[in-house]
1. Just to be sure I understand, if you calculate Rg and Dmax of the Cα atoms in Å for this structure, which of (i) 14.2, 42; (ii) 11.3, 33; (iii) 12.8, 42 do you get?
2. For the peptides 66-75, 27-36, what is the packing order when you average, over each peptide's residues, the other Cβ atoms within 10 Å and list the highest mean first?
3. Please work out how much accessible surface Asp42 shows to a 1.4 Å probe, ignoring ligands, DNA and RNA, in Å² rounded to 10.
Amino acid sequence: MNFILPVVATVLLGSILILKMRDSLALPLSLVIAGGISNYIDLIRFGYVRDPLSIGTFVFNVADIFILIGTFWAIWVYTRR
């Protein structure tokens with residue numbers, strides 16, 4: 001139950017930031033926030049972040065993919081201004 005307050009705070013602050021930003025950055029930043037919250041919930045529930053996907057030497061999870069795609073997408077949108 002200790003993870004509820006940080007998750008709610010992150011969602012509220014993220015929502016405020018996204019609403020105040022340009023619409024084109026809303027979805028990429030939502031992906032980053034969702035991935036971060038998912039990793040945080042894993043950390044609280046299991047004591048570590050579960051990484052079920054393994055391709056060669058790379059080990060990651062779906063939340064990591066969301067964070068990576070959202071970050072590169074936001075950089076792409078920001079640099080196109």
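1. This structure yields the entry labelled (i).
2. On the way: 66-75: 16.3, 27-36: 18.0.
Ranking, from highest mean packing down: 27-36, 66-75.
3. Taking all protein chains as shown, Asp42 has close to 30 Å².
The values are calculated or read from the model by the stated rules, or taken from the named source; none is laboratory data. Keep in mind the model is a prediction, meaning the values are calculated, not measured. Methodologically, a virtual Cβ is constructed for each residue, glycine included, from the backbone with ideal geometry; neighbour enumeration extends over all protein chains shown. The accessibility values were calculated without ligands, DNA or RNA, using every heavy atom of the protein model including side chains. Shrake-Rupley method; radii C 1.70, N 1.55, O 1.52, S 1.80 Å.
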